[in-house]
Amino acid sequence: MEKTFAYLKPNTIQRGLVGEIIRRIEEKGLKIVALKMLTISESMARDLYREHAGKDFYEPLLAFIQSGPVVAMVLEGENVVQRLRNLVGKTDPLEAAPGSIRGRFGVSIRKNLIHASDSIESSNRETNIFFEESEMNDYSLMNEGQF
Ligand code: CMP
């Protein structure tokens, strides 16, 4: 079954939006199979965003995501990568649809509240930075497939 990785950035915790955003993920019928709060280390940050190395926002992005705890998660389900990306909205909150998470709550592109993997390959790579296989929970939702 397809999985995707996401994490709520430090400003989501600071703004008290963790519950609201997880509620939207659950409301959409997406199944959370791993979830934890942690503080990202420098090596994790560099690994996570290595494709952006050298860009003008890279160092500020690394500093920002290490500035406080984050909430990391893995979701599982059919087409879950695309379903979560749609729910999260475009990278820049200015362009994100009003009903999306970034469109509703996001203020700036550098602090856009949540990261969601853009492909199955990225998801596998990013999940391995944050989680052990033993942290995945294998279970069914009573209403799975009925949304
Ligand atoms: P995220 O989904 O975490 O993936 C990379 C992050 O880099 C992105 O969200 C933004 O927070 C940030 N980012 C991407 N493009 C830009 C940009 N043009 N200017 C500033 N920050 C950016």
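The values are calculated or read from the model by the stated rules, or taken from the named source; none is laboratory data. Please read all numbers here as calculations on a predicted model, not as lab measurements. Note that we place each Cβ from the backbone using ideal geometry, even for glycine, and neighbour counts take in every protein chain shown. Side chains are part of the model used for accessible areas, which takes the heavy atoms of the whole protein and leaves out ligands, DNA and RNA. Shrake-Rupley method; radii C 1.70, N 1.55, O 1.52, S 1.80 Å.
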Given (1) away from the ligand (no atom under 13 Å from the Cβ); (2) more than 24 Å from K36 (Cβ to Cβ); (3) touching a Phe, Trp or Tyr at 6+ places or on another chain (Cβ under 8 Å), number of the condition V71 does not satisfy: (2)
Number of the condition not met by G99 [criteria: (1) part of a loop (DSSP other than H, G, I, E, B); (2) surrounded by 12 or more Cβ atoms within 10 Å (Cβ to Cβ)]: (2)
Residues within the range 3-49 that are part of a helix (DSSP H, G or I) and within 11 Å of the ligand (Cβ to nearest atom), tallied: 3
Check on K31, farther than 14 Å from I114 by Cα, modelled with pLDDT of 95 or more and open to solvent by less than 60 Å² (accessible area, probe 1.4 Å): yes
Of all residues in the range 1-16 being more than 14 Å from H115 (Cβ to Cβ) and in contact (Cβ under 8 Å) with a residue 24 or more places away in the chain, the one that is surrounded by the most Cβ atoms within 10 Å (Cβ to Cβ): K3
Residue within the range 88-104 that is closer than 18 Å to N124 by Cβ, without any contact (Cβ under 8 Å) to a residue 60 or more places away in the chain and among the polar types (S, T, N, Q) present: no
